[in-house]
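Accompanying notes for the structure given below.
The values are calculated or read from the model by the stated rules, or taken from the named source; none is laboratory data. Small disclaimer: the values here were computed from a predicted structure and weren't measured. With ideal geometry, Cβ positions are generated from the backbone for all residues, glycine too; neighbour counts draw on all protein chains shown. The area values use the complete protein model at the heavy-atom level, side chains included, leaving out ligands, DNA and RNA. Shrake-Rupley method; radii C 1.70, N 1.55, O 1.52, S 1.80 Å.
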Amino acid sequence: MALYRSAAFVLHTYKLAETDQIVVLFTQEFGKLRAVARRSHSPRRHVASYYQPLMLLNAIVYGRPGQALYRMHSVDILQALRPLHEDFGLLRCGLYMTELIDVATHEREPAPELFILFHQTLEQLAQTSDAMLLLRRFELQLLTAIGYTPQLLYCAQCTRDLEARAHTFSPRLGGLLCTTCASTVRQTLTVSPEALTYLRRTLAGDTTVEPPTPLAATVQQELERLLHAHLTFCLGRELKSYAFLHL
Ligand SMILES: [Zn+2]
């Protein structure tokens, strides 16, 4: 048996028999892992409330190295990220980010960069005046971290250089198409110059939260549609929490 200690976020929990639950953690040190924890009848009943998303925890689990299921030893709150729990709009954004991390990560594969990105973006979410734009940046950075950077430099189908007026994006091919390919590929989206500028600047590492001039609502919607289509294709499924973002 070994003890594993790490900063962690709860991704989700589910019931296991009458008294236990399985807590799915995203840990900084070990990646995603599952641990059994008491659900009720615990002498420390209040502990159960720690097992919820959007709080930075110090989690200690134990078990045999490499096994699929660990046991929860103890958990403490390192950072409660209270604003995310007090504002329903921010909570929905945070839960969407949590589901993205859950779907994009694999068990027991450490992803410390993704952990830092997730933690930092949650901290920014608690302070931002433009949560939607922050979500777009998070989606782009997540896509890059898992190897699905949208291809905006050359044609995603024929790899030829793009014309300056190229404006057709294929979620399936993961990038822009040259004007020749644009006429042959189905299920594409049209990208405005403003949205393209935003995407290119963000991918180039300009990670200021607010752009110098606010993006028009239509451009924001366009970015959301494009990134959502690309993400669901890359991740292979729809995200349950996405439908709640605009309630
Ligand atoms: Zn092409």
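Which residue pairs have Cβ atoms closer than 6 Å, lie 6 or more positions apart in sequence or on different chains, and pair a first residue in region 143-160 that is of a type in the set (K, R) with a second residue that is within 16 Å of the ligand (Cβ to nearest atom)?
Note: pairs meeting the criteria are R160/C178.
So, R201, is that one open to solvent by 90 Å² or more (accessible area, probe 1.4 Å) and over 14 Å from the mean Cα position of the chain (by Cα) or not?
Details: open to solvent by 90 Å² or more (accessible area, probe 1.4 Å): no; over 14 Å from the mean Cα position of the chain (by Cα): yes.
No: the conditions fail for R201.
Looking at this structure, is F115 outside any loop (DSSP other than H, G, I, E, B), surrounded by 14 or more Cβ atoms within 10 Å (Cβ to Cβ), at pLDDT 95 or above and within 16 Å of the ligand (Cβ to nearest atom)? Full working, then the answer.
Working: outside any loop (DSSP other than H, G, I, E, B): yes; surrounded by 14 or more Cβ atoms within 10 Å (Cβ to Cβ): yes; at pLDDT 95 or above: yes; within 16 Å of the ligand (Cβ to nearest atom): no.
No; evaluated as a whole, the condition is false for this residue.
Please work out which one of (1) surrounded by 18 or more Cβ atoms within 10 Å (Cβ to Cβ); (2) in contact with a Phe, Trp or Tyr (Cβ under 9 Å, 6 or more places away or on another chain); (3) touching a residue at least 40 places away in the same chain (Cβ under 8 Å); (4) of a type in the set (A, V, I, L, M) is the condition L245 fails and give its number.
(1)
So the check is Cβ under 9 Å with 6+ separation or different chains; which pairs have a first residue in region 174-196 that's touching a residue at least 60 places away in the same chain (Cβ under 8 Å) and a second one that's near the ligand (Cβ under 9 Å from one of its atoms)?
Here the result reads G174/A156, each pair linking region 174-196 to a residue that is near the ligand (Cβ under 9 Å from one of its atoms).
For region 155-172: of the residues being surrounded by 16 or more Cβ atoms within 10 Å (Cβ to Cβ) and outside any loop (DSSP other than H, G, I, E, B), which is farthest from the ligand (Cβ to nearest atom)?
Residue satisfying both the conditions and the ranking: F169.
Looking only at region 173-198, which residues are within 13 Å of the ligand (Cβ to nearest atom), assigned to a helix (DSSP H, G or I) and not hydrophobic (A, V, I, L, M, F, W, C)?
T179, T180
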